[in-house]
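The values are calculated or read from the model by the stated rules, or taken from the named source; none is laboratory data. Predicted model only: the values in this text are computed from it and were never measured. Neighbour counts run over all protein chains shown; Cβ positions are idealised from the backbone, glycine included.
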Amino acid sequence: MSLRAQLLSWYDANARDLAWRVGPGHHAAGVRADPYRVWLSEVMLQQTTVPHATPYFLKFTARWPTVNELAAAPDEDVMAAWAGLGYYARARNLLACARAVAKDHGGVFPDTEEGLRSLPGLGPYTAAAVAAIAFDRPANVVDGNVERVMSRLFAVEQPLPDAKPELKRLAAALVAEDRPGDWAQALMDLGATICRPKSPLCERCPVIDHCAAFATGAPESYPRRAAKAERPHRHGVAYVLTRGDEVALVRRPPKGLLGGMLALPTSDWRAERWSDAEALAAAPADVDWRGVGEVEHGFTHFTLTLRLLRAEGDADGVIWRPRRDLDALPSVFLKAARAGLTNLL
């Protein structure tokens, strides 16, 4: 049996039950995936895991069941609902895409990879995924799971990220007109559940007979990886200013890291630690600030230490929110707010 036939047969019996997926049985019976749900799930999954993304997906689709309803939503509501998924530029792109589909396409997603690429915020991967899964177009869908599967099937010695073009070429050679959406999802499921980054379950793999990495005796050593550069470290000061049961927040500039999100007031983030005098000079109000510790946070490209200053008082130019509403903050500021509100006894 061919590699494709073996993998699709395995997928028919073992497909994951995902909130946004039309399973292979229903798909064979003629049920088609909703492009809106496929697109939304793919955007959410770009930088997080299925267990983490699923409750966000369910919340979004309950609140905004169609792309037109999402397009009509206020920016602030969508950004708040996105809090905790990270990479907030994706939330801005999400709204831009939804509004383009609603305005320029009558609320209907284009059904080709080329048409999907014309939408704002849809890169090659997302366009390919929606084209294949929602419209059964023979698109080459290559995410991290698929890269890992290809690197092991063909024992690709070139390390990532330089190997990406070759892995994409190898994956493209396996794409066919027959069941392209199921094929894309079968590869994803194989990588997520069997061909795992660590401790791959080779004895359960439906395509083990085709795997060159398994034949080497060390499949877990693929994909090869270049040495990672050490992430730079930055320092900042976060200000936890309260007024009774309210906490002072600010709206971050629309562009840049965490753009457009509500946040605690902070100093700039820089390589050097902030002295006491500098921290007080950058504070949003002239009140009695007290140090209440610090928190650490990791971003993709750098790590951050936020020194925490806490005070009770008033300030101009801030947005007051009840403490119970802080869960909508990005994770770095939620962490800082919780620590700042807890540490001062």
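Brief remarks follow.
- Search result, residues across segment 92-120 that are under 19 Å from the mean Cα position of the chain (by Cα) and in contact (Cβ under 8 Å) with a residue 40 or more places away in the chain: Arg92, Asn93, Leu94, Cys97
- Segment 53-75, subset free of Cβ contacts under 8 Å to residues at least 12 places away in the same chain and part of a helix (DSSP H, G or I), residue nearest to Asn145 (Cα to Cα): Pro55
- Residues in segment 294-326 that are of a type outside the set (A, V, I, L, M, F, W, C) and touching a Gly at 6+ places or on another chain (Cβ under 8 Å): 3 in all.
To keep it simple, each residue is scored yes or no on (1) free of Cβ contacts under 8 Å to residues at least 24 places away in the same chain; (2) assigned by TED's automatic domain parsing to the domain that holds Val237; (3) surrounded by fewer than 16 Cβ atoms within 10 Å (Cβ to Cβ).
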| position | (1), (2), (3) |
| --- | --- |
| Pro284 | no, yes, no |
| Gly293 | no, yes, yes |
| Phe302 | no, yes, yes |
| Leu306 | no, yes, no |
| Ala315 | no, yes, no |
| Val318 | no, yes, no |
| Asp325 | yes, yes, yes |
| Val332 | no, yes, no |
| Ala339 | no, yes, no |
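- Within the set Leu122, Leu85, the sole residue that is within 20 Å of Asp136 (Cα to Cα) and either touching a Ser or Thr at 6+ places or on another chain (Cβ under 8 Å) or buried (at least 20 other Cβ atoms within 10 Å of the Cβ) (or both) turns out to be Leu122.
- Residue within segment 153-164 that is under 25 Å from Thr48 (Cβ atoms) and among the aliphatic types (A, V, I, L, M) present: yes
- One residue from Asp182, Asp189 being touching a His at 6+ places or on another chain (Cβ under 7 Å), more than 30 Å from Arg251 (Cα to Cα) and in a helix (DSSP H, G or I): Asp182
- Subset of segment 6-28 (residues that are of a type outside the set (A, V, I, L, M, F, W, C), in a loop (DSSP other than H, G, I, E, B) and free of Cβ contacts under 8 Å to residues at least 12 places away in the same chain): Asp17, Gly23
- Residue in segment 198-221 that is within 22 Å of the chain's Cα centre (by Cα) and either part of a loop (DSSP other than H, G, I, E, B) or modelled with pLDDT of 95 or more (or both) present: yes
- Single residue of Leu326, Leu308 found to be touching a helix residue (DSSP H, G or I) at 6+ places or on another chain (Cβ under 7 Å) and modelled with pLDDT of 95 or more: Leu308
- Figure legend. Inter-residue proximity from segment 212-224: first residues in the same structural domain as Pro161 (by TED's automatic domain parsing), second residues loosely packed, with under 12 Cβ neighbours inside 10 Å, beta-carbon distance below 7 Å, spacing 6+ or different chains. Indicated pairs: Glu220/Lys198; Glu220/Ser199; Arg224/Glu157.
- Test for Thr48: is it surrounded by 13 or more Cβ atoms within 10 Å (Cβ to Cβ), assigned to a loop (DSSP other than H, G, I, E, B), in contact (Cβ under 8 Å) with a residue 12 or more places away in the chain and assigned by TED's automatic domain parsing to the domain that holds Ala102: yes
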